[in-house]
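Participant: Got a structure for you, questions after.
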Amino acid sequence: MQRHQYDVVIVGAGGAGMRAALESSKRTRTAVLTKLYPTRSHTGAAQGGMCAALANVEEDNWEWHTFDTVKGGDFLVDQDAAEVMCREAVDAVLDLEKMGLPFNRTAEGKIDQRFFGGHTRNHGEAVVRRSCFAADRTGHMILQTLYQQCIKQNVEFFNEFYVLDLLMVAGKATGVVAYELATGELHIFSAKSIVFASGGFGKVFRTTSNAHTLTGDGMGIVWRKGLPLEDMEFFQFHPTGLAGLGVLLSEAARGEGGILRNSDNERFMERYAPTVKDLAPRDMVARAMANEVREGRGCGPDKAYVMLDLTHLEPAHIDAKLPDITEFARTYLGVEPYTEQIPVFPTAHYAMGGIPTNIKGEALANNDDVIPGLYAAGEVACVSVHGANRLGTNSLLDINVFGRRAGIAAAEYAATAVFEELPDAPETFVVDLIEGMRNAGGEERVAAIRTDLQATMDINAQVYRTEGSLKQALVDIERLKERFAQVSVQDKGKRFNTDLLEAVELGFLIDLAEVLVVSALARKESRGGHFREDYDKRDDVNFMRHTMAYREVDAEGNINIRLDYKPVVQTRYKPMERKY
Amino acid sequence: MDVKVKILRYNPEVLDESEWKTYSVTLLPGDRVLDALHKIKWEQDGTLTFRRSCAHGVCGSDAMRINGRNRLACKTLIKDLNPEKEITVEPIKGLPVLKDLVVDMEPFFDAYRSVMPFLVTSGHEPTRERIQSQEDRERFDDTTKCILCAACTTSCPVFWSDGQYFGPQAIVGAHRFIFDSRDEGTEQRLEILNDKEGVWRCRTTFNCTDACPRGIEVTKAIQEVKRALIFRRV
């Protein structure tokens, strides 16, 4: 076992983690611990762009962007946080350009901008070109550019280190325990500040745009410490996943003029969102698609999906603006987007909820108090700028704005804080976890349990939910927990034991699926990405509030989930009906 | 359909030598090689070890040698591999194998880091964005697509035989900045590439271009860097 000491430890090396590292490492001694090589992070899969009111191609301002973000989030957004994000968006984009990010350009050589779902001019008048982009690989360019800057700045990475526990002393975050994949060795990192930037948990669903590695480790670790998770019932289903696969096809396809059609070849979004049509927010489009399929207007042999139509666009335009996603259609479905429509269906995409933080990125222990030394940013966090439904492009913005803020705040805190004495044998929890898993002799296999978890979540907790479906999911999860207690791994070795790590990751997924479902069951209303057929209206009287879930262990050792609520921060905008 | 997948296995915790093992898997024609590997790992042999993440060709984790050619396992469909015959899978060549299909990526990333793969500028930063024409932006578009998967570098015969050679990816990484009109680090970068283990070791075999899962014209990029070195202008 090795011991290390750094002022700041950052967990995760996607966009948020590296943006934090760029700030933190120029101020103080910083280590980045990441379970993947940084450039493998899922920020790289983001496609369409990053919104900022640059007004390079038409009139725009950050206040309109703030309004769209609040309305897109079905008014569950904390408006102070949304204001910060949309105001700082302009500098966030310009900073990336100065770092070298190769944005597409206008004829005048400025950063080009395009349409994106839910982004409008003057509070919903019409769609507006706000998304700054680099073809349909904006996330790739952000990830590469941030990594390149980290190389320039000599940021210290520990690659393929799985953080599995957070160390806390007297309510303060004081370090982490990490498992080195290459050797199986444990490492204790003592730190003054810890920033979680470890991404989401899309792998609780079967159909997902998320990477295999998005297993909610950061949220799971914090959860097991008894710290709250906020708004976990709000999960975004992206309308255009490749049917059957879930591979993401950017909303930019519709931003560039793509149209969704049903089996009657009807542009059905005209019925659901007459003003912005195919560029309505994702929750509305995903529900509309699922509804078309439910009412028998789906396409294909099983009428199981709808079609994304790009055939009216010029091939040269498609090649210039949407090269990657059209290649996905060709590679995985054998469909030629120049001449054929592409089968699509909603795919689990993004967790709006996560570790609650304030606008500095400081993690919260409850509705009011920060946890000294603990920070979170990006998808793992809930600031909350996305509320009940995130607008397209606002995640790339979130990681840059709040990654930067968390990095600065963590370094500033470390400048005055001292290293706390770690508890005796700080590795105990992880040793028990790892060795327990390695030596277990049960009959159950990780993959079978994970498949069943994903199946019940897809059936019972997806775009449409009811009390019955959610209760079924809970029954299933309870059964899966029992089976998980009987799980065993085949690889007993130390070296690159991914078999073992998949088992650990499954543990996080089961925990988080349960939090999601319990939170969803209690929210008896429909808002943004959370749609209850048995309560199909938004209920501001009872539910204009964030869910705060806590893990509690009672005297008999039983684990219970306790739900509490936190007020929504409202500044400029009063809730209104959400029409587009 | 039933497919035979032959995989070169190596785990020094168990055995000093690598050995071929063949697995039978039931797959759909549209399944990816990555799906086959997952089915083997999840249903038959949990010790089979490989890297993967995004599963759709953008993260660069799962470059491997499939039927003798470097490809991404998540971007290679079973039906395109003549699945009536055995499909072979081995680690990419020229980097130390650590376990099964996992190789040591450090020498590869070291080469990338050595070419100053970041924007170099001088003077005060402008208030707004730097202006760049669409033509200037297009000039280096191809090489911005690189996902650092190492398929090109580990398909290069010069790289296999000469452990000192940067390899094609590092040259691609340098090209992306050399031909960026905003960059002022060209002289330094070209000096690095002018090294005896630099760009001149390329023998133009086009393996790299064939291997690139992103369709980057790697050999062309290398030729452009060579030309820039000869004429000292971009």
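Derivation of every value follows stated rules applied to the coordinates shown; laboratory data play no part. None of the values given here were measured: they were computed from a predicted structure. FYI the Cβ positions are ideal-geometry reconstructions off the backbone, even for glycines, and counts take in every protein chain you see.
Participant: Hey, if you put +1 on the Cβ of every Lys and Arg and -1 on every Asp and Glu Cβ in the protein assembly as shown, which of A:388, A:376, A:133 ends up farthest toward the positive end of that dipole?
Facilitator: Checked the options; the winner is A:133.
Participant: Right, here's the next one. If you place +1 on the Cβ of every Lys and Arg, -1 on the Cβ of every Asp and Glu, and leave all else neutral, what size is the dipole of chain A about its Cα centre, to the nearest 20 Debye? Intermediate values should be presented prior to the final figure.
Facilitator: Working: 65 positive and 82 negative charges, 117 e Å.
Around 560 debye, computed over chain A.
Participant: Now for a different question. Note down the magnitude of the dipole of the range B:106-231 about its Cα centre, charges +1 on Lys and Arg C-beta and -1 on Asp and Glu C-beta and zero elsewhere, to the nearest 20 debye. Intermediate results must be reported in sequence, preceding the final value.
Facilitator: Details: 16 positive and 20 negative charges, 39 e Å.
Roughly 180 debye for the range B:106-231.
Participant: Can you put A:196, A:419 in order, fewest other beta carbons within 10 Å first? Don't skip to the end; give the middle numbers.
Facilitator: Values: A:196 34, A:419 14.
Final ranking by Cβ density, sparse to dense: A:419, A:196.
Participant: What residues have an amide H closer than 5 Å to that of residue A:168, excluding those fewer than 5 places away on the same chain, when H is modeled at 1.01 Å from N in the peptide plane?
Facilitator: Residues meeting the criterion, in which the H sits 1.01 Å from N, are A:174.
Participant: Let me ask something else about it. Find, among the GluC sites (Glu not before Pro) in the range A:10-84, those assigned to loop by DSSP (not H, G, I, E, B) with at most 13 other beta-carbon atoms within 10 angstrom.
Facilitator: Values: sites: A:23, A:58, A:59, A:63, A:83; in loops: A:58, A:59.
Those that pass, being in a loop and sparsely packed, are A:58, A:59.
Participant: Just rank A:187, B:56, fewest to most, by other beta-carbon atoms within 10 angstrom.
Facilitator: On the way: A:187 20, B:56 23.
Fewest-to-most ranking of A:187, B:56: A:187, B:56.
Participant: For peptide B:105-112, compute the average count of partner chain beta-carbon atoms within 10 Å of each residue's beta-carbon. Please report the intermediate quantities before stating the final value.
Facilitator: Working: counts 3, 2, 0, 0, 7, 0, 0, 4.
Per residue, the number of nearby Cβ atoms from other chains is 2 on average.
Participant: Taking Cα pairs under 8 Å and at least six residues apart, what relative contact order does chain A come out at, in percent? Write out the running numbers ahead of the final one.
Facilitator: Working: 1415 pairs, mean separation 121.7, N = 580.
Averaging sequence separation for qualifying contacts and normalising by length gives 21 percent for chain A.
Participant: For the range A:233-278 and the range B:137-157, what is the separation of their Cα centres, given in Å?
Facilitator: Spelled out, the Cα-based centre of one part sits 32 Å from the other.
Participant: Would you mind ranking A:302, A:534, A:283 by Cβ crowding within 10 Å, fewest neighbours first? Mind dumping the intermediate values first?
Facilitator: Working: A:302 9, A:534 12, A:283 31.
Ranked by crowding around the Cβ, least crowded first: A:302, A:534, A:283.
Participant: Just to be sure I understand: of the beta bridges DSSP finds with both ends in chain A, what percent are antiparallel, rounded to 5?
Facilitator: Numbers: 51 of 76 bridges.
For chain A, the DSSP antiparallel bridge percentage is about 65.
Participant: For a protection proxy built on the mean count of beta-carbon atoms within 10 angstrom, sort B:173-182, A:36-45 highest first, please.
Facilitator: By packing density, highest mean first, the sequence is A:36-45, B:173-182.
Participant: Averaged across A:32-44, how many Cβ atoms of other chains sit within 10 Å of each residue's Cβ atom?
Facilitator: Details: counts 0, 0, 0, 1, 5, 9, 2, 9, 12, 3, 4, 1, 7.
Average neighbour count from other chains, rounded to a whole number: 4.
Participant: Let me ask another. Per-residue Cβ counts within 10 Å, from other chains only, averaged over A:492-503: what number is that?
Facilitator: What the average comes to for A:492-503 is 5.
Participant: Okay, next question. Using a simple spin-label model with points 7 Å from Cα along the Cα→Cβ vector, what separation in nm is obtained for residue A:327 and residue A:369?
Facilitator: Label-label distance for residue A:327 and residue A:369, simple model: 5.2 nm.
Participant: Another question, if that's okay. Please identify the GluC sites (Glu not before Pro) of the range A:285-364 that satisfy two criteria: DSSP loop assignment and at most 14 other Cβ atoms within 10 Å. Which are they?
Facilitator: Numbers: sites: A:292, A:295, A:327, A:340, A:362; in loops: A:295, A:340.
Qualifying residues, ordered by number: A:295.
Participant: Counting helices only, and only those DSSP H runs with n ≥ 4, report the 222 nm mean residue ellipticity of chain A as the sum of -39,500 (n - 2.57) divided by its residues, in deg cm²/dmol to the nearest 500.
Facilitator: Dividing the helical sum by the residues of chain A leaves -11000 deg cm²/dmol.
Participant: Shifting gears a bit: Rounded to the nearest 5, what is the percent of antiparallel bridges among the DSSP beta bridges in chain B? Display every interim value, and only then the final one.
Facilitator: On the way: 17 of 20 bridges.
Beta bridges within chain B, antiparallel portion: roughly 85 percent.
Participant: Let me ask something else. Express in nm, to one decimal, how much length is gained between residue A:533 and residue A:418 on full extension, taking 0.36 nm for each residue of separation and deducting their alpha carbon distance.
Facilitator: Values: separation 115, 0.36 × 115 = 41.40 nm, distance 5.19 nm.
Between residue A:533 and residue A:418, full extension yields an extra 36.2 nm.
Participant: Based on Cβ point charges of +1 for Lys and Arg and -1 for Asp and Glu, what charge dipole magnitude is obtained for the range A:312-384 about its Cα centre, in debye rounded to the nearest 20?
Facilitator: 100 debye
Participant: Taking 7 Å along the Cα-to-C-beta vector as the label spot, tell me the residue A:522-residue B:17 distance in nanometres, rounded to one decimal.
Facilitator: Each label point lies 7 Å from its Cα, and together they span 6.1 nm.
Participant: Residue farthest toward the positive end of the dipole of chain A, with Cβ of Lys/Arg at +1 and Asp/Glu at -1: which of A:416, A:367, A:100?
Facilitator: Looking along the dipole axis, the top candidate is A:100.
Participant: For chain B, which cysteines have no second Cys with its Cβ under 4.7 Å from theirs?
Facilitator: B:74, B:146, B:149, B:156, B:202, B:212
Participant: With a point put 7 Å past each Cα toward its Cβ, work out how far residue B:210 is from residue A:126 in nm, to one decimal.
Facilitator: 5.3 nm
Participant: Stretched out fully, how many nm does the piece from residue B:135 to residue B:80 gain, at 0.36 nm a residue minus the Cα gap?
Facilitator: Values: separation 55, 0.36 × 55 = 19.80 nm, distance 3.66 nm.
Contour length minus Cα-Cα distance gives 16.1 nm.
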